[in-house]
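Below is one structure, written out as structure tokens, with a few remarks after it.
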Amino acid sequence: MKRFLTLALTAVLLCSLVLTLASCSSYGKIEKNFLKAGYEVVDTTNEDGEDVMDFVADLEEDGEVSCTIHILKKDLLTYAIILEFDADKDAQAKLDELLTDKDYEDLMAVEEKSDYINGNCVLVPCVLNLFDLDDSVEEMVDIFDD
């Protein structure tokens with residue numbers, strides 16, 4: 001009986017260790033929130049997705065993207081680009097890098113940089129309708145941070 005109890009306890013500890021060390025991504029919850037808000041996932045193999053992928057490739061100096069890219073679209077002029085990194089620290093480093101570039105700082109309309117990071121994900125709003133820029137970005141940030 002003592003041996004069985006020791007094996008069972010060891011198995012439980014091993015399982016909890018594996019779950020603790022496994023990388024947890026924030027993207028699942030983020031995608032669910034955007035889908036509830038009326039966004040749809042963009043297929044990166046169609047023309048619409050390829051245009052956004054070209055934009056995202058410009059975010060990387062060498063043209064290679066070192067993260068998983070998720071694109072969500074509300075309408076023809078409003079996109080939420082979510083960069084999913086392997087670790088929270090990589091996401092923070094990328095956000096810091098983006099905010100040193102004046103073009104992206106203006107695009108993201110940053111007030112609080114913490115609004116654009118959620119775990120291992122970074123939000124890059126892409127709003128082409130300049131009349132609705134502030135409202136659309138604010139809406140995206142609210143959905144992203146929920």
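The values are calculated or read from the model by the stated rules, or taken from the named source; none is laboratory data. Just so you know, these numbers come straight off a predicted model, no measurement behind them. Heads up, the Cβs are rebuilt from the backbone with ideal geometry, glycines too, and the neighbour counts pull from every protein chain shown.
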Quick one: would you say Lys36 is out of contact with any strand residue (DSSP E or B) (no Cβ under 8 Å at 6 or more places or on another chain), more than 16 Å from Val122 (Cβ to Cβ), at pLDDT 70 or above and among the basic types (Lys, Arg)?
yes
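Quick grid of which residues meet (1) modelled with pLDDT of 75 or more; (2) of a type in the set (Gly, Ala, Ser); (3) farther than 17 Å from Ser25 by Cα; (4) part of a helix (DSSP H, G or I):
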site	(1), (2), (3), (4)
Glu111	no, no, yes, no
Leu123	yes, no, no, no
Asp135	yes, no, yes, yes
Ile143	yes, no, no, yes
